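Chemist: Please read through the structure below; I'll follow up with questions.
Each reported figure results from applying straightforward, stated rules to the coordinates on display, with no laboratory input. All values derive from a computational prediction rather than experimental measurement. Here the Cβ positions follow ideal geometry from the backbone for every residue, glycine too, while neighbour counts run over all protein chains shown.
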Amino acid sequence: PAERTADHAASIWVEFTTLAAETKAVNLGQGFPDSPAPKFVTDILEDLSKHPELTAAHQYTRGYGHPMLVDILAKMYSHFYNVQVDPMNEVLVTVGAYLSLYYAFLGWVNRGDEVLIIEPAYDCYYPQVKFAGGVPVPVVMNLAEGATSASQFTIDFADLESKINQKTKMLVINNPHNPTGKLFTRQELEKLAEIAKKHNLIVIADEVYEFHVWDKKDMIRFASLPGMYERTISIGSAGKAFSVTGWKLGWAVGPKQLLEPLKAIHQNCVFTCSTPTQMAIAEAFRLDWPKFLNDPENSYLATGLSGELRGKRDKLAKMLEEGNFRPIIPDAGYFMMADYSHLKEGLNLPKDKDPDDFVFSRWLCREKKLATIPPSAFYSDRENKVKNSNMVRLCYFKKNETLDAAEVILKKLG
Ligand code: PMP
Ligand code: GLN
C-alpha cells in the first residue's frame, strides 16, 4: 500500500457502527436521525423519480453544482454573510461535507504546511490533513472540573497563538461543535478572527450543524465576521440541514480564488454529484427559505429541526442523570458528552491498549446493548486521549422509541 495509508487503522465509525449493528444495540452512537426524513423533502425526490423522461434530472449535471442548488445556496449565504455570494464561482457542491473538507486540505496544504485543529475535533480532519501531506497541530480545549455545560469547553488563545509559526497555513473551526455540542460565542469567534488576520491564516469553517441551534440568532457564521469572508472556506451539509444524512451532499462556499484549487481537484475526482438529490435539496431550500425569513414558526430550518432537537436533548440529559452519568449539556447540534466516572468504580473493566472510554463503550454496547462513541477518538495524541477518556458521546437525534429503549438500559445502570 501507499505510505500515506500506513498508520491508519479502522475509524471509530467503522468499528462502532459495525458493533452496534452486530449486537443489535440501541444506537446512540453514530450521528444520524432514525425517525422518518421530512416528507416535504422526500416527496420532491419521489416526484423526480416518477419522471424517467426528465433527462435533466437523471443525467449528469453541471460539475461544480446543479444551477438550481448553487443559486439558492448563494442566496442564503449572501444573507448570512452579508456579502454578495456569486452562485457560479463561489459555491462548490461535493459528496458530503467530507469531500469539501478533503478538497480544502488537498487544495491548500503543501507538504509540511501546518494546520491548527481545535480538539476534541471531528475525527476526519487529522487523517485528511496528513493525506494531503500537511502537519496537523492540535490545540486542546480546556474543560472546567465538574463542568455541566458544553460552553465550559474553552480555547486557551495564548496556547493557540504559541503554536503558530511560518509554516502555519490554516485553522479549522467546527461550530456548532462535534462532539461537545458547544456553540462558539461571538467573543470567541472574534478572537479567532483576530488571530487568523494577524497570522494570515485560511480558515476552514465546518458549520454542518448551522441549523441545529435553538435560537438562530446565536449561530454566528465565521464568514460573517468583518473581513473574514475573504479568508474563509465555509462548509455545509444537506444531509444535516434536512436530516437525510444518507444523501451525502455537501458544499463549500468562499471567494472565487479560495475555491479554485478545490474545483481543480473536484473536476478530476468526482466531476459532478448526483443530480436528483441536488435538485431535491435545491427545491427543499427554495420551499423553506422564504419561511425561514418571514414565517420561522413554519420553517423546518428555522424552528422545526431545532425544536425537535431541544426536547430530545433535555430528555437524554435527564435519562443520563438517572443512569448515574454526568451529562455536559450541549448548546447545539446532535451530540452530548457524558461523564461515566461514577459508574466506573463498580464495574472493574479490564485495562486495554485503548483508552478507557473505548473499553467502556465496547462493554456498554456488548453487555448492556447501548451503543455510544468514545470521545478520546477526537483527540490526536496519546496523552490527551488518556486524559479525556472518562466520557462517552451520545447522539440524541433519535426517535422517542429509541430514547425510551435507552432509558430502560440507563435506569438499570444507575
Ligand atoms: N463535519 C462534522 C463536524 C460532522 O459531524 C460530519 C458528520 N456528518 C461531517 C463533517 C460530514 O458530513 P457529511 O455527512 O455531509 O459528509
Ligand atoms: N458526523 C456523524 C457523527 O459524528 C457521522 C459520522 C460518519 O458518518 N462518519 O457521528
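Chemist: Just need the relative contact order of the chain here, percent rounded to a whole number, with Cα pairs under 8 Å and 6+ apart.
Modeler: With pairs under 8 Å counted, the relative contact order is 24 percent.
Chemist: Please enumerate, by chain and number, the aspartates and glutamates with C-alpha under 18 Å from the C-alpha of Lys167, excluding those fewer than 8 residues away in the same chain.
Modeler: Result set, ordered by chain and number: Asp113, Glu114, Asp159.
Chemist: Specify the residue with the greatest mean-square fluctuation among Ala147, Ala158, Ala25, computed from a Gaussian network of the chain linking alpha-carbon atoms under 10 Å apart.
Modeler: Highest fluctuation among the options: Ala158.
Chemist: Separation between the Val135 and Asp34 pseudo-spin-labels, each 7 Å from Cα along Cα→Cβ, expressed in nm?
Modeler: So the two model labels end up 4.4 nm from each other.
Chemist: Can you tell me which of Ser162, Ser78, Ser224 moves the most in a GNM of the chain? Springs connect C-alpha atoms under 10 Å apart.
Modeler: Answer for the Gaussian network model of the chain: Ser162.
Chemist: If the limit is 28 Å between Cα atoms, which of Lys39/Lys291; Lys191/Lys353; Lys163/Lys216; Lys130/Lys248; Lys24/Lys248; Lys182/Lys399 go over it?
Modeler: Too far apart for the 28 Å limit: Lys191/Lys353; Lys163/Lys216.
Chemist: Related question: For the range 97-163 and the range 176-191, what is the separation of their Cα centres, given in Å?
Modeler: 13
Chemist: Now a separate question. Grab the DSSP H runs of the chain that are 4 residues or longer, score each as -39,500 (n - 2.57), total them, divide by all residues and round the 222 nm result to the nearest 500 deg cm²/dmol.
Modeler: -13000 deg cm²/dmol
Chemist: Dipole magnitude of the chain about its Cα centre, charges +1 at Lys/Arg Cβ and -1 at Asp/Glu Cβ only, in debye to the nearest 20?
Modeler: The dipole magnitude comes to about 300 debye.
Chemist: Just the number: Rg to Rh for the chain, Cα atoms, Kirkwood Rh, two decimals.
Modeler: 0.95
Chemist: Quick check on the chain: of the DSSP beta bridges with both residues there, what percent are antiparallel, nearest 5%?
Modeler: If I count the DSSP bridges inside the chain, around 50 percent turn out antiparallel.
Chemist: Which length gain, in nm to one decimal place, applies between Ala264 and Glu194 when the Cα-Cα distance is subtracted from 0.36 nm times their residue separation?
Modeler: Length difference between fully extended and current span is 22.2 nm.
Chemist: When the Kirkwood hydrodynamic radius is evaluated over all pairs of different C-alpha atoms of the range 329-414, what value in angstrom, to one decimal, is obtained?
Modeler: 13.6
Chemist: At q = 0.20 Å⁻¹, what log₁₀ I(q)/I(0) does the range 316-362 have when each alpha carbon counts as one equal point scatterer in the Debye sum?
Modeler: Scattering profile of the range 316-362, log10 relative to I(0): -0.73.
Chemist: Separation between the Lys344 and Asp215 pseudo-spin-labels, each 7 Å from Cα along Cα→Cβ, expressed in nm?
Modeler: 3.6
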